[in-house]
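> I have a structure I would like to understand better, so I am pasting it below and will then ask my questions one at a time.
Taken together, the values in this text are just the output of simple stated rules run on the coordinates, not laboratory data. Please read these numbers as outputs of a predicted model, since none were measured by experiment. Here the Cβ positions follow ideal geometry from the backbone for every residue, glycine too, while neighbour counts run over all protein chains shown.
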Amino acid sequence: MRKTYRYLRNRFEDQALRFDRILTGSFIRQILWIIGLLVLVWIIWAVCLTAGSADRLSNTDIKNSPLLMPFYMLIDANTLSDIRMAGTTGWELFFCIFTYLIGLLIFNAIIISVFSNYIAQRKQNYHDGISRYKISGHYIILGYDEMLPSIIDHIFRNHPDARILVLSAVESVKIRERLRKAVPREQFDRIIVNYGHRTASDYYPDIYLERARQIFVVGKRSLPEHDAINVECVESIFRYLTRFKGQQLPERITCVFEDFDTYSAFKIADIFERAKELRIDFIPYNYYIGWAKQVFINRHYYASQDNTRYDYPAVYGTGIGYNDPRQVHLVFVGTSTFAVAFALEAAQILHFPNFIGPHHRKSRITFIDLNADREMHLFRTRNRHFFEIEPCFYRDLSGTQEHAETLPPTRFHGADDSRFLDIEFEFIKGDAYSPQIQDLIRSWAEDSNQLLSLYVAMTNQRDNFCLSMNMPDAVYDHEIPVFIRQNISDTFVTELRNAHTDGTPEQRAEKETFYVMDARGKAVPTRRPQRYANIYPFGMNDSSFFSNELNFRRAHLINYLYEHMTPDYHFPPIDQLNADPDIPAKAKDAWLTNRRLTVGAKWSNLYAAEVIPCKLASMQAMTDEGIDPETQLSYIAQVEHNRWNVEKLLLGYRKPLPEEDRHLTHDKTANALLQQNKRYHFAHSDIRPYNTLDNIDQLDVEFMRYIHWITSKD
């Protein structure tokens, strides 16, 4: 008996659970349950029809088909008064009463509650981020981070009508509240926030991943396992998209990496070969490098208050020519991740013809930090192949000795016979507030042969403020740009600069008028810039995402030229290229599908595209110097090779050993075999001085001829 009771109780609980799931399940399941009850009534009525009950129950006043009798009885209680009670059986009366009660239950209770529950459930699902919408052509962001508003702003700035879907395991309500503060209302209404885990492919069908236009894998950068999870996420995405091969898939996947080493690995290794099979462009992205590109390449930022655009100054002024005696000098106070990222990106860009000119000026990058000795060794280890060629300079100004800044720097290694790079690094150990460092900064600012720019990138924002607002007067008087690391908002720095630069030209001239006494004691007006007219913020979370589509299109064209190069290093004639209006589309298609195009080659093309403005500025400077176009072409080709040398070394390639240098053999078979070393062992035989190249140096000349054609396709 007890077993029977336990069995019945368990069965009841199972049915109760099933019933609760129906009531709290989807709207369709609830409606189907109601329809089931109605079908049950009609089945009973059909049985009654076959037994002749319809004639006994139907009133002669009801002219409709007997099949409609249950319908009347369900929705209209007065139908009972039309029933002929005389002659009806007990079962027939029971059916009438049963049908009437079912009608009361369905139409007066269940349907109202079902629809009210449905509305409440949809509202709750939306707030919880579990509502699903069938969309296509949208942008998907996987994961939540402080840079999310910046990515959204970037998407809407390029595509105002875009629809964005955010998938994150963070509570959807929290994400929406964060976005309400950063995104305008008209754009906020075009954002869908869904709950889900970015590595779980079960969520991908719900967000129609295969129909998206672009995918951004963001995650949470503060987590130590961030990069590993993002790699797993990208792998899950490619596995999922493989089943849709041959269809229109997302054109690009941008994956955020926090660690430099992970980011660098994805720039030279073809880890995701399936990207080419699926015609998807895989782009690794680093928060710090992204900001460096904003400062050096895009050269602008947007204010957090009103989204106003403000421009950054070019660190090379209006351009560096062949005879220019000035040295471009970047000084980083602090060795934070920002400082290292900016230095590496600057090394990719700052290449000028005055290195091969009479003054032989190298661009210099200086770090100032109390731990500069340790940071120098870490930096040299990460970029060991660069420093196998170019030495690193070190000075210790951490003591109290006077005039320590005049002591000669210590040189750390470097090949005495092959210092052919045009970038040099210097590490200075010392406190940025100490008199020695302050005097050193003052002397740099007063040096007319330096194009100086300062980057205050310490980890403590208060120290960044304090030092930037209290630089030696020479920094402000000589209009040295000071870039200040900001964590959240740019408002203080931007408003402070605006206060010193706003107004009409007459008002600015009045502010900049500075009076000095001449020999006769008379006040003579001179010009002195406003103190904070050249301070600029960087590093704000809300403006942290950077992607220059123009440079991607230029990189596509550069790759197209190299793919159609003749054996004697000539590109297709410009007239022939201009005659084909589909060149940009063909270039993009080749970029996505060519299996021979390695990830390292893609980044090389992209870096070549990013430095075009710098090269054009140098060519204009040489024109002002009176240098003829053909000579300019020769000089700028050497600059391009110098840039390429640094690019390859910082990407991880190395100068070959004598026994693996293809330039030292005349055997064609050996030459072809040695070419494999650059792909599998990162030994590139062309990392050498320009004047020691074979006829491949004509490739740099040919590329420079086509710069204006590339920019004409913008």
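> Return the loop-located GluC sites (Glu not before Pro) in the stretch 196-303 (DSSP other than H, G, I, E, B) with at most 12 other Cβ atoms within 10 Å of their own Cβ; answer none if there are none. It would help to have the intermediate numbers written out before the result.
Numbers: sites: E210, E225, E232, E235, E251, E258, E273, E277; in loops: E225, E251, E258, E273.
Sites meeting the loop and neighbour criteria: E225, E273.
> For F483, list long-range residues whose amide hydrogen, built 1.01 Å from N in the peptide plane, is under 5 Å from its own amide hydrogen.
HN-HN under 5 Å from F483: L454, Y455, V456, Y536.
> Follow-up. State the number of lysine pairs found in the stretch 575-698 whose Cα atoms come within less than 21 Å, restricting to pairs 8 or more positions apart or on distinct chains.
Here the count comes out as 11.
> A further question follows. Just rank L148, L370, fewest to most, by other beta-carbon atoms within 10 angstrom.
On the way: L148 26, L370 15.
Ranking L148, L370 by Cβ neighbours within 10 Å, fewest first, gives L370, L148.
> Note down the net charge around I280, summing +1 for each Lys or Arg and -1 for each Asp or Glu among other residues with Cβ under 15 Å from its Cβ.
Values: positive: R211, R213, R239, R243, K245, R252, R274, K276, R279, K588, R595, K602; negative: E210, E235, E251, D270, E273, E277, D281, D589.
Charge balance near I280 sits at +4.
> What is the distance, in nm, between label points placed 7 Å from the Cα along the Cα-to-Cβ direction at D694 and at D477?
A separation of 5.8 nm, rounded to one decimal place.
> Additional query: List the residues whose amide H sits under 5 Å from the amide H of V193, counting only those 5 or more places along or on another chain, with H placed 1.01 Å from N in the peptide plane.
Excluding prolines and chain starts, which carry no amide H, the hits are V166.
> May I ask you to derive the FRET efficiency for E660 and I271 from their Cβ-Cβ distance with R0 = 30 Å, giving the value to the nearest 0.05? Show your work: numbers first, answer last.
On the way: r = 25 Å, r/R0 = 0.84.
E(calc), rounded to 0.05, equals 0.75.
> What number comes out for the charge environment of I175, summing +1 per Lys or Arg and -1 per Asp or Glu over other residues with Cβ under 13 Å away?
Net of charged neighbours comes to +1.
> Related question: So what J values fall out for the stretch 586-597 if you push phi through Karplus, 6.51 cos²θ - 1.76 cosθ + 1.60 with θ = phi - 60°, rounded to Hz, Gly and Pro as x?
Those phi angles translate into 5, 5, 5, 5, 5, 4, 7, 10, 5, 5, 7, 7 Hz.
> According to the square roots a ≥ b ≥ c of the eigenvalues of the Cα gyration tensor, what is the shape class of the stretch 584-714, taking rounded for a/c under 1.5, prolate for a/b larger than b/c otherwise, and oblate for the remainder?
Details: a/c = 2.15, a/b = 1.34, b/c = 1.60.
Because a/c hits 1.5 or more and a/b fails to exceed b/c, the stretch 584-714 counts as oblate.
> Would you mind calculating the gained length between D261 and L550 on full extension (0.36 nm times residue separation, minus the Cα-Cα distance), in nm to one decimal?
Working: separation 289, 0.36 × 289 = 104.04 nm, distance 2.68 nm.
Full extension from D261 to L550 adds 101.4 nm.
> Going by amide H atoms built from the backbone, whose H comes under 5 Å of the H on D396, apart from near neighbours?
Excluding prolines and chain starts, which carry no amide H, the hits are K429.
> Which residue, A275, F296, V217, has the largest displacement toward the positive end of the dipole of the stretch 194-303 when charges sit on each Cβ (Lys, Arg +1; Asp, Glu -1)?
Result: F296.
> Can you figure out the FRET efficiency of R374 with K134, using R₀ = 45 Å and their beta-carbon distance, to the nearest 0.05? Can you show the working numbers first?
On the way: r = 55 Å, r/R0 = 1.23.
The value I calculate is 0.20.
> Let me ask something additional. Between D624 and S443, what FRET efficiency follows from the Cβ-Cβ distance if R0 is 35 Å, with the result rounded to 0.05? Walk me through the intermediate numbers first.
Numbers: r = 29 Å, r/R0 = 0.82.
After rounding, the FRET efficiency stands at 0.75.
> Just add up the charged neighbours of E232: K/R +1, D/E -1, any other residue whose Cβ is under 12 Å from the Cβ of E232.
Values: positive: R198, R239; negative: E225, D227, E235.
It works out to a net charge of -1.
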